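**Q** Shown below is the structure under consideration.
The values are calculated or read from the model by the stated rules, or taken from the named source; none is laboratory data. On a predicted model such as this, the values are computed, not experimentally measured, just so you know. FYI the Cβ positions are ideal-geometry reconstructions off the backbone, even for glycines, and counts take in every protein chain you see. All accessible areas refer to the heavy atoms of the entire protein, side chains included, with ligands and DNA or RNA removed. Shrake-Rupley method; radii C 1.70, N 1.55, O 1.52, S 1.80 Å.
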Amino acid sequence: MAFEKTLDLMRLAQMAAARHKGVCLVEVSAEFGVNLRTAQRMIRGLEAAFPSVEFSTDQDRRRWWKLSDTRILGMQGIRDGELEALDMSIRRAQREGATKDVTTLISLRDRLLATMPSSHARRAEVDAEAMLEAQGYACRPGPRVQTEPNILGAIAVAIKAPFSLTIAYQGASDDVTLDRLVEPYGMLLGIRQYLIARDIGNGRAFRRFRLDRITSAKITGQSFARDPDFDLGTYAAQSFGSYHSDAEHQPVIWRFTPGAAAAAREFAFHPNQVITEEPNGGLTVAFTASGWVEMVWHLYKWGDQVEVIAPVELQDMVRGHQRDNIGVLP
């Protein structure tokens with residue numbers, strides 16, 4: 001118990017050092033799952049262990065504790081589990097084609113390892129490699145559409161600045177490649193990757209541009225004011241996958257059999273899903289989104305263990321394609 005409290009104190013010190021304002025009692029309570037009285041005792045322990053801790057009071061009369069002297073925290077080095085998580089993030093980014101993220105994460109990893117004694121660093125790397133192999137991230141095959149790294153790099157810089165972009169793009173209905181001036185807001189990653197941007201030449205509407213259809217991307221150097229009401233997560237939630245259609249955007253209801261319910265509970269099919277437990281042990285999942293073709297692709301994996309309740313159009317698309325000989329659920 002005393003050992004666990006020591007680790008909690010070190011974690012609290014990391015929080016107080018890493019966050020700009022420091023930490024308040026409410027954050028300590030939420031982070032460690034304790035009540036406010038226990039959070040107060042943890043803060044007193046932090047002050048006792050780190051005399052350099054300073055506190056301030058904001059306009060709402062909340063007190064914040066900030067640790068500025070972090071030399072003792074640097075002696076911890078990097079834990080094996082932290083390096084494993086970082087390596088797994090690098091592999092996921094590589095798989096999804098997020099080239100900018102891969103470069104940034106590798107740079108961070110190298111700096112962290114450089115601060116450790118060589119023997120400790122090598123042991124941590126060996127343990128991380130073994131964990132990656134065990135979890136299947138060291139070599140994980142699967143299809144994805146390739147994208148030019150220089151295009152991804154230009155988009156990443158433009159989003160961060162933000163700057164408008166000139167992209168050469170040929171949409172599905174275009175006979176030739178056309179130059180489009182866009183204001184980039186974010187990206188959707190997956191088997192196919194999409195740039196989310198305002199199409200300045202098309203009524204400034206938000207559009208999804210497939211990255212594999214962009215042949216060049218040039219930063220204009222012209223900055224723009226981002227729409228403060230735009231939220232990438234909310235925008236992405238309009239769709240089940242990457243494709244969006246206003247005509248298809250409507251309530252969706254799936255009912256999983258009792259035999260598939262346990263597997264279905266492990267999935268987050270949609271950020272705004274509502275799950276209902278059926279009396280017979282089955283499971284009903286409801287959400288609102290578009291992209292019926294991508295839904296059909298996913299539903300096929302469940303064979304005859306799922307029934308589409310709504311919409312009718314999606315029912316028609318899966319009817320006759322739900323096989324009973326798929327022995328392994330997703």
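**Q** To the nearest 0.05, how large is the calculated FRET efficiency for V293 and E148 if R₀ is 25 Å and r is the Cβ-Cβ distance?
**A** 0.45
**Q** Still on this model: For the residue pair S68 and R11, what label-to-label distance in nm results when each label sits 7 Å from Cα along the Cα-to-beta-carbon direction?
**A** 2.8 nm
**Q** About the Cα centre of the range 240-304, how large is the charge dipole given +1 on each Lys and Arg Cβ and -1 on each Asp and Glu Cβ? Please answer in debye to the nearest 20.
**A** 120 debye
**Q** Quote the relative contact order of the range 190-330 in percent (integer), defining contacts as alpha-carbon pairs under 8 Å separated by 6+ residues.
**A** 22 percent
**Q** Further, regarding this structure: Top to bottom by accessible area (1.4 Å), largest first, where do R213, R204 land?
**A** Greatest to least solvent exposure: R204, R213.
**Q** For E313 and E96 in one chain, what is 0.36 nm times their gap in residues minus the Cα-Cα distance, to one decimal in nm?
**A** Gain in length upon complete extension: 75.0 nm.
**Q** Treating the beta-carbon of each Lys and Arg as +1 and of each Asp and Glu as -1, no other charges, what is the dipole magnitude of the range 196-284 about its Cα centre, to the nearest 20 debye?
**A** 480 debye
**Q** Tell me the label-point distance for the pair F267, I219, using the 7 Å Cα-to-Cβ offset, in nm and rounded to one decimal.
**A** Rounded to a tenth, the inter-label distance reads 4.0 nm.
**Q** If I ignore ligands, DNA and RNA and count only protein heavy atoms, how much of H321 is accessible to a 1.4 Å probe, in Å² to the nearest 10?
**A** Only protein atoms counted, so the area is about 110 Å².
**Q** Here's another thing I want to ask about it. Mind checking the dipole of the range 1-55: about its Cα centre, +1 per Lys or Arg Cβ, -1 per Asp or Glu Cβ, Debye to the nearest 20?
**A** With only Lys, Arg, Asp and Glu charged at Cβ, the dipole is about 80 debye.
**Q** Another question, if that's okay. Keeping all protein chains in place and using 1.4 angstrom, which order do M42, M317, M15 fall into by accessible surface area, from largest down?
**A** M317, M42, M15
**Q** Then there's this: Accessible area, 1.4 Å probe, largest first: how do I43, I275 sort?
**A** Ranking I43, I275 by accessible area, largest first, yields I275, I43.
**Q** Right, something else. Assuming R0 = 22 Å, can you tell me the calculated FRET efficiency for the pair Q250 and S173, based on Cβ-Cβ distance, to the nearest 0.05?
**A** For Q250 and S173, the calculated efficiency is 0.35.
**Q** Could you pull out the trypsin sites (Lys or Arg not before Pro) across the range 227-330 that fall in loop regions by DSSP (anything but H, G, I, E, B) with no more than 11 other Cβ atoms inside 10 Å?
**A** Passing sites in the range 227-330 are R319, R323.
**Q** Here's another thing I want to ask about it. How many angstrom lie between the C-alpha centres of the range 164-219 and the range 252-330?
**A** After rounding, the separation between the Cα centres reads 32 Å.
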